[in-house]
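**Student:** A single structure is presented below for examination.
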Amino acid sequence: MAKDNMEKEKILTYFSQVVKEDPDISAAVAAIKTLLMFIELNKLETLSEMRHRLKDAISTLTETDSSYTSIASGCDLFLRFITLTNLQHSDFQEIQKILVERGKIFLERISNSRQKIAKIANPFITDGTTILTHSKSRVVLQVLKEASLTRKRFKVFVTESLPDKSGIETCNELTALGIPNTLILDASVGYVMESVDLVLVGAEGVVESGGIINKIGTFSSAISAKAMNKPFYVVAESFKFVRLYPLNQKDLPSEYKYPSAVLKSGCDLEQVHPLVDYTPPSYISLLFTDLGVLTPSAVSDELIQLYQ
């Protein structure tokens with residue numbers, strides 16, 4: 001037990017260090033870097049033992065205050081990628097080296113995802129566009145930065161995004177980039193929607209139906225956009241594709257909606273503010289991913305390819 005606790009502490013310390021050193025890193029990428037470190041530094045004897053201990057490490061990482069959805073999906077894909085190869089070797093230390101090399105290849109691929117998405121989405125932001133975004137998404141910021149660098153003139157409405165007011169961070173970053181922006185109350189989305197040309201949001205997870213799991217309030221923005229016939233675009237890396245098929249808000253598992261500390265406390269979840277909501281695919285116009293531009297109905301085919 002003491003050994004397990006020490007291992008958990010080591011994992012969490014390394015994860016926190018990675019996030020601290022690079023505040024722009026996504027939770028999933030930080031978690032994958034942590035798993036890679038775990039494989040490199042631990043002496044393992046069999047593939048079965050490695051799988052078991054990596055799954056324990058993933059479980060530990062999903063208990064952090066970071067996004068459960070993206071960590072779970074990113075780590076799951078990482079584990080599949082590194083083990084889907086010929087691992088027939090008498091010396092497990094050699095196998096370990098192969099796994100580390102494959103892990104580095106996977107990490108390199110996903111590290112370039114944001115830049116790729118920004119270039120793919122760029123043609124959809126034209127001169128004079130007014131955009132509404134919700135909360136804070138690093139991918140959205142990259143897309144807007146790319147559009148700004150191509151000398152396009154546009155302005156952005158940003159929701160304050162309670163309860164953590166992460167929209168304020170988005171406004172600060174847009175201001176630093178020289179992009180005109182206005183912070184708005186979450187409740188005023190319907191009011192400003194008539195002045196908006198498109199809605200652009202990130203996602204913590206993209207589910208099998210083509211719907212998304214994202215910061216609470218995303219679904220409200222999508223409903224308003226649909227009512228006023230405005231395009232609702234999602235930008236998300238493919239490592240956020242989740243093997244989950246919710247039909248409504250109650251279908252989302254509790255670990256996706258509430259912090260680990262809240263779940264462990266045993267309190268009445270009806271009295272707790274959920275962190276995310278589910279936006280069904282019928283409200284989404286297009287998804288911009290590192291796999292290309294997708295309609296919501298195309299997501300299930302891409303998920304099959306990713307998890308084959």
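The values are calculated or read from the model by the stated rules, or taken from the named source; none is laboratory data. Model, not experiment: these values are computed from the prediction. Glycine gets a Cβ as well: all are built from the backbone with ideal geometry, and neighbour counts include every protein chain shown. These accessible areas exclude ligands, DNA and RNA; they are computed on the full protein's heavy atoms, side chains included. Shrake-Rupley method; radii C 1.70, N 1.55, O 1.52, S 1.80 Å.
**Student:** Taking the stated definitions as given, is residue 279 open to solvent by less than 20 Å² (accessible area, probe 1.4 Å), out of contact with any Lys or Arg (no Cβ under 6 Å at 6 or more places or on another chain) and among the hydroxyl-bearing types (Ser, Thr, Tyr)?
**Tutor:** On the way: open to solvent by less than 20 Å² (accessible area, probe 1.4 Å): yes; out of contact with any Lys or Arg (no Cβ under 6 Å at 6 or more places or on another chain): yes; among the hydroxyl-bearing types (Ser, Thr, Tyr): yes.
Judged against the criteria, residue 279 is a match.
**Student:** Further question: If I go through region 61-78 residue by residue, how many of them are open to solvent by 10 Å² or more (accessible area, probe 1.4 Å) and closer than 16 Å to residue 16 by Cβ?
**Tutor:** Matching residues across region 61-78 total 6.
**Student:** Of the residues that sit in region 1-23 and are modelled with pLDDT under 90 and either exposed (fewer than 10 other Cβ atoms within 10 Å of the Cβ) or among the small types (Gly, Ala, Ser) (or both), which one is farthest from residue 38 (Cα to Cα)?
**Tutor:** 23
**Student:** Within region 145-181, which residues are touching a strand residue (DSSP E or B) at 6+ places or on another chain (Cβ under 9 Å) and small (Gly, Ala, Ser)?
**Tutor:** Result: 147, 148, 161, 166, 167.
**Student:** Here is a follow-up. If you take just the helices (runs of 4 or more DSSP H) that sit entirely in region 204-289, which of them hold at least 3 residues that are in contact with a helix residue (DSSP H, G or I) (Cβ under 6 Å, 6 or more places away or on another chain) and touching a residue at least 40 places away in the same chain (Cβ under 8 Å)? Write out each step before concluding.
**Tutor:** On the way: elements: 218-227, 254-257, 260-265.
Because the criterion is at least 3 residues that are in contact with a helix residue (DSSP H, G or I) (Cβ under 6 Å, 6 or more places away or on another chain) and touching a residue at least 40 places away in the same chain (Cβ under 8 Å), the helices (runs of 4 or more DSSP H) in region 204-289 that meet it are 218-227.
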